[in-house]
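A short write-up of the structure that comes next.
The values are calculated or read from the model by the stated rules, or taken from the named source; none is laboratory data. In this text, all values refer to a predicted model and were calculated from it rather than measured experimentally. Cβ placement follows ideal geometry from the backbone for every residue including glycine, while neighbour counts extend to all protein chains displayed.
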Number of protein chains: 2
Amino acid sequence: MTGDDDVAAVLDAATAAAPFLAALPPDRRGRGLLELASALEDAAGELTEAAVADTGLDAERLRGEITRTCTQLHLFADVLAGDDWLGLRVDEAQPGPPRLPSTVRFRMPMGPALVYEASNFPFAFGVLGTDTAAALAAGCPVVVKTHPGHLATSARTLEIASEILGRLEWPDGALGALHTEDGAVAAMADTRVRVATFTGSLAAGRALFDIAALRADPLPFYAEMGSVNPVFVLPEAARTRGREIAEGLAGSFGPSGGQLCTKPGLVFVPRDSALEAAIADAVRDVPAARLLTERISTMYRATRTALISLDSTEVLATGRRGGAGEVEATALAVDLHALDAPGSPYLEECFGPLVVVVRYDDVAELSAAAARIPGSLTASVHAADGEESGGDLVRLLADRVGRLVWNGWPTGLRVGQATHHGGPYPATSSAQFTSVGAPAIDRFLRPVAYQGVPDEALPGHVRAALVRLRG
Amino acid sequence: MTGDDDVAAVLDAATAAAPFLAALPPDRRGRGLLELASALEDAAGELTEAAVADTGLDAERLRGEITRTCTQLHLFADVLAGDDWLGLRVDEAQPGPPRLPSTVRFRMPMGPALVYEASNFPFAFGVLGTDTAAALAAGCPVVVKTHPGHLATSARTLEIASEILGRLEWPDGALGALHTEDGAVAAMADTRVRVATFTGSLAAGRALFDIAALRADPLPFYAEMGSVNPVFVLPEAARTRGREIAEGLAGSFGPSGGQLCTKPGLVFVPRDSALEAAIADAVRDVPAARLLTERISTMYRATRTALISLDSTEVLATGRRGGAGEVEATALAVDLHALDAPGSPYLEECFGPLVVVVRYDDVAELSAAAARIPGSLTASVHAADGEESGGDLVRLLADRVGRLVWNGWPTGLRVGQATHHGGPYPATSSAQFTSVGAPAIDRFLRPVAYQGVPDEALPGHVRAALVRLRG
């Protein structure tokens with residue numbers, strides 16, 4: 001027992017549930033996800049209220065987030081209705097010589113998953129969020145580490161989920177929870193946990209990554225962490241669409257108190273363009289916000305103060321004054337060469353409603369700037385027709401990020417079959433995986449090959465998929 | 001400069017070659033692989049001779065290994081001729097509301113790869129082995145760390161490859177080499193290296209894994225390490241096919257001095273069955289072998305002596321006496337309960353021609369034994385018709401290994417589309433990946449999503465695949 005968590009009991013239950021979930025036919029796992037989505041939708045009013053109280057986020061935004069969370073659960077049910085997730089490949093037997101036995105390769109669940117809730121999405125990255133949905137879809141029991149920033153919301157979501165899973169006669173250990181930091185860290189170090197996911201700060205994510213890597217049996221661990229999400233506005237786009245771009249920027253970095261992993265943190269604009277004044281205007285209209293937790297608020301104020309205190313920083317504009325406990329949106333401006341210094345503070349994520357406008361003189365400077373961007377979830381390019389027609393900047397940025405946005409904004413991630421919400425370190429701990437979208441299930445599956453095994457010894461759903469594959 | 005390696009120059013060259021290889025159309029990368037295979041085949045006589053001198057392995061086996069290496073190069077050229085490797089997924093634009101931009105997701109090369117040669121396969125895991133072939137196929141420049149056990153073979157293979165790549169006008173950095181331990185470790189710690197692979201001992205693999213994980217930007221690192229590859233012979237199979245199984249075992253653990261990652265190291269047999277005597281007979285015929293390196297030879301003798309010195313060990317049989325510098329094949333026998341002790345030495349890989357016969361009384365005991373097997377590349381089950389019809393043992397073993405072999409032997413891996421040569425730790429450092437077969441390319445690719453990007457800004461081969469996908 002660590003603090004208030006009975007880690008051993010929670011992990012024993014998850015371990016006991018693993019064979020059940022692995023053997024449960026995929027369509028029944030899918031039906032479970034749909035039932036969870038229905039229950040979430042039914043309780044949306046009550047849950048939104050709880051989350052508003054917990055987080056200070058806007059009710060409409062939270063209600064929308066519940067819908068997104070249901071979309072995610074539906075998405076993984078859809079994934080299970082097809083065969084792609086199984087990764088089935090066959091090398092048929094050859095009579096020879098040389099006689100070769102068949103190889104049937106498919107993917108199986110990795111076992112109990114530890115899933116850290118994120119602070120900033122109490123539903124979409126919460127108890128029934130993308131990580132839980134993907135893990136259950138894969139057939140892995142889930143142990144959720146609840147986030148202290150929205151405990152009431154998590155507790156109620158857990159109750160709702162437990163009721164549904166109980167009704168479906170899934171074992172208790174299919175979805176468990178830990179509530180303390182110490183309990184979760186003990187679980188990270190426990191060999192019963194076979195895979196873990198995290199969404200949060202670089203400092204916390206890296207600490208957990210190190211625990212995972214240094215285990216006697218290293219733990220597959222998928223962390224989504226800090227991201228500066230640069231935006232490059234090319235000269236002609238700045239000239240012709242300045243007002244629209246300025247408003248788009250304010251609408252992307254301002255809402256939700258700027259507490260989104262995809263918040264644009266750096267915006268490259270041509271020096272002396274009208275865009276800069278337009279950005280200042282738009283930022284002045286951004287409402288103040290109460291941030292998610294006291295800790296996030298303190299960190300935001302400290303980072304903002306530190307950046308403003310630098311000689312290279314100019315305060316371009318601040319948003320509306322807030323009440324007690326609220327913070328103001330802030331746009332800073334710097335020259336491009338301010339990013340040159342090794343470990344430049346402008347290249348670190350500031351979690352909250354702050355954006356740094358970076359002035360450049362010539363598009364030719366942007367290649368070097370792009371190469372200096374730390375691994376990010378996204379990069380965006382605003383270009384007029386004919387600008388960036390060679391695609392050089394896009395190619396350079398593709399090497400640094402997981403998603404490239406063209407004439408759009410990185411927030412408002414589209415959840416689908418082709419989603420990639422990932423990117424090179426420090427955006428995530430593994431650039432090969434995504435935490436959102438259909439391929440998020442990949443994190444919880446591993447291949448196994450059956451060589452010369454008679455069909456009747458294959459799992460039933462593999463046998464069925466094999467019949468479909470062989471046509 | 002570290003020792004004899006100019007690490008900085010080698011990594012600069014690889015870095016410079018990365019954009020060229022990434023932009024090279026996949027069919028031209030494929031043609032490069034085919035040219036390398038032809039050159040290898042043309043030089044097979046000379047290379048076999050060099051490898052016999054370097055390793056002491058049998059000429060016929062080495063000649064066969066060159067053929068396998070060419071098969072691997074051809075396999076990845078085939079992979080590039082299709083679209084699967086690209087992992088292309090599309091969420092088409094929606095006019096809305098809400099208007100949604102398109103997302104095009106595909107996989108791109110991760111960048112310069114450091115590839116450690118293995119001691120035991122101077123060709124198939126050598127300069128132009130499976131790791132190099134997969135990395136070049138993905139579009140990653142390769143820096144090979146040559147193995148001290150076959151330096152002449154590696155040097156000649158590098159010369160042959162350089163000539164071909166020069167003729168194809170690939171940049172020098174497309175395939176480079178480091179020859180010292182210190183040089184390779186410096187490269188592991190260098191951010192210019194974006195992915196690394198290793199095949200060898202658990203001790204060395206784990207040390208490199210820790211270096212990779214503790215980098216400021218953790219390095220994706222794929223190590224294939226120790227594996228005991230258990231074989232379970234069920235009672236009826238032992239009774240009816242004892243002679244055949246005994247000969248199969250000797251033919252699997254004996255050749256190549258037992259220095260194969262898939263060598264069966266543990267064989268579970270029913271107590272008092274005739275199989276045991278048959279195994280002893282078969283082992284007595286196994287020729288002595290010169291092991292690959294002095295170090296491997298020393299380790300083998302030490303491990304063998306340590307195991308024999310245990311009270312629980314019985315020496316079942318030894319193979320033919322060898323000359324100076326050669327070692328004898330060895331079959332030991334123990335009771336099942338000898339595996340119960342925590343950290344039982346019988347559960348660790350002994351690299352060389354040694355097998356441990358484990359006597360069981362009842363098939364019911366095998367479930368607990370299966371659960372205790374360390375993560376392995378393979379497990380094999382020998383069963384007569386009707387035995388293991390419930391598939392319980394197979395299911396338990398699937399949780400511990402990467403490949404399940406039915407009435408066959410784990411050595412002689414089939415290289416194909418469905419190959420999985422991987423497994424839970426300590427068999428590999430990441431159970432989700434394979435080092436052999438078509439999916440081995442996965443280790444060198446990462447996804448990127450292009451959102452709302454006009455088709456003309458997509459790489460040409462992605463544009464072409466998109467046309468095919470949309471039909």
Taking first residues from segment B:333-344 that are among the hydroxyl-bearing types (Ser, Thr, Tyr) and second residues anywhere that are surrounded by 11 or more Cβ atoms within 10 Å (Cβ to Cβ), the pairs with Cβ under 7 Å that are 6 or more apart or on different chains are B:Ser344/B:Ala338
Within segment B:191-210, of all residues that are surrounded by fewer than 17 Cβ atoms within 10 Å (Cβ to Cβ) and closer than 23 Å to A:Gly205 by Cβ, the one farthest from the other protein chains (Cβ to nearest Cβ) is B:Thr191
Counting only residues in segment B:104-146 that are of a type in the set (Ser, Thr, Tyr) and in contact with a His (Cβ under 8 Å, 6 or more places away or on another chain), the one farthest from B:Asp217 (Cα to Cα) is identified as B:Ser119
* Asked: Does A:Val448 qualify as being of a type in the set (A, V, I, L, M), within 10 Å of another protein chain (Cβ to nearest Cβ) and farther than 15 Å from A:Ser227 by Cβ?
  -> yes
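Residues A:Arg395, A:Arg403: which one is modelled with pLDDT under 95 and charged (D, E, K, R)?
One residue alone meets the criteria, A:Arg395.
Please indicate, with yes or no, whether at least one residue in segment B:453-468 is hydrophobic (A, V, I, L, M, F, W, C) and touching a helix residue (DSSP H, G or I) at 6+ places or on another chain (Cβ under 6 Å).
The answer is yes; a qualifying residue exists.
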Filtering segment B:278-318 down to residues that are among the small types (Gly, Ala, Ser) and touching a residue at least 12 places away in the same chain (Cβ under 8 Å) yields B:Ala278, B:Ala280, B:Ala282, B:Ala288, B:Ala289, B:Ser297, B:Ala306, B:Ser312, B:Ala317
Picked from segment B:335-365 (must be hydroxyl-bearing (Ser, Thr, Tyr) and outside any strand (DSSP E or B)), the residue surrounded by the most Cβ atoms within 10 Å (Cβ to Cβ) is B:Tyr346
Picked from segment A:390-411 (must be surrounded by 24 or more Cβ atoms within 10 Å (Cβ to Cβ) and at the interface with chain B (Cβ under 8 Å from one of its Cβ atoms)), the residue nearest to A:Val228 (Cα to Cα) is A:Val401
Any residue in segment B:425-440 that is of a type outside the set (D, E, K, R), crowded, with 22+ Cβ neighbours inside 10 Å, more than 8 Å from chain A (Cβ to nearest Cβ) and part of a strand (DSSP E or B)? yes
* **Meets criteria (more than 10 Å from every other protein chain (Cβ to nearest Cβ) and either surrounded by 22 or more Cβ atoms within 10 Å (Cβ to Cβ) or modelled with pLDDT under 95 (or both)) for B:Gly460** => yes
Suppose the filter is closer than 22 Å to B:Ala18 by Cα and assigned by TED's automatic domain parsing to the domain that holds A:Arg321; does A:Arg359 pass it? no
- Message: Suppose the filter is under 17 Å from the mean Cα position of the chain (by Cα), in contact (Cβ under 8 Å) with a residue 40 or more places away in the chain and over 22 Å from B:His150 (Cβ atoms); does B:Val195 pass it?
- Response: yes
Cβ pairs under 6 Å, 6+ apart or interchain, first in segment A:82-94 and in contact (Cβ under 8 Å) with a residue 40 or more places away in the chain, second surrounded by fewer than 17 Cβ atoms within 10 Å (Cβ to Cβ), ordered by first then second residue, are A:Leu88/A:Leu469
Filter result for B:Glu387 (charged (D, E, K, R), within 8 Å of chain A (Cβ to nearest Cβ) and more than 24 Å from B:Asn120 (Cβ to Cβ)): no
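Please list, ordered by residue number, the strands (runs of 3 or more DSSP E) wholly in segment B:85-129 having 1 or more residues that are at pLDDT 95 or above and more than 10 Å from chain A (Cβ to nearest Cβ).
B:113-116
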task = Answer with yes or no whether A:Thr153 is assigned by TED's automatic domain parsing to the domain that holds A:Gly32, buried (at least 24 other Cβ atoms within 10 Å of the Cβ) and under 23 Å from B:Asp399 (Cβ atoms).
result = no
TODO: Using the structure shown, decide if B:Leu332 is assigned to a strand (DSSP E or B) and either modelled with pLDDT of 95 or more or in contact with a strand residue (DSSP E or B) (Cβ under 7 Å, 6 or more places away or on another chain) (or both).
DONE: yes
When every residue in segment A:292-320 that is assigned to a loop (DSSP other than H, G, I, E, B) and modelled with pLDDT of 95 or more is compared, the one surrounded by the most Cβ atoms within 10 Å (Cβ to Cβ) is A:Gly319
Cβ pairs under 6 Å, 6+ apart or interchain, first in segment A:106-131 and without any contact (Cβ under 8 Å) to a residue 60 or more places away in the chain and buried (at least 24 other Cβ atoms within 10 Å of the Cβ), second of a type in the set (A, V, I, L, M) and assigned to a strand (DSSP E or B), ordered by first then second residue, are A:Val127/A:Val144
message = Looking at the structure I just gave you, is A:Thr15 part of a helix (DSSP H, G or I), more than 12 Å from chain B (Cβ to nearest Cβ) and either polar (S, T, N, Q) or at positive phi (or both)?
response = no
All-but-one check, B:Val415 against (1) within 18 Å of the chain's Cα centre (by Cα); (2) crowded, with 21+ Cβ neighbours inside 10 Å; (3) more than 8 Å from chain A (Cβ to nearest Cβ), failing number (2)
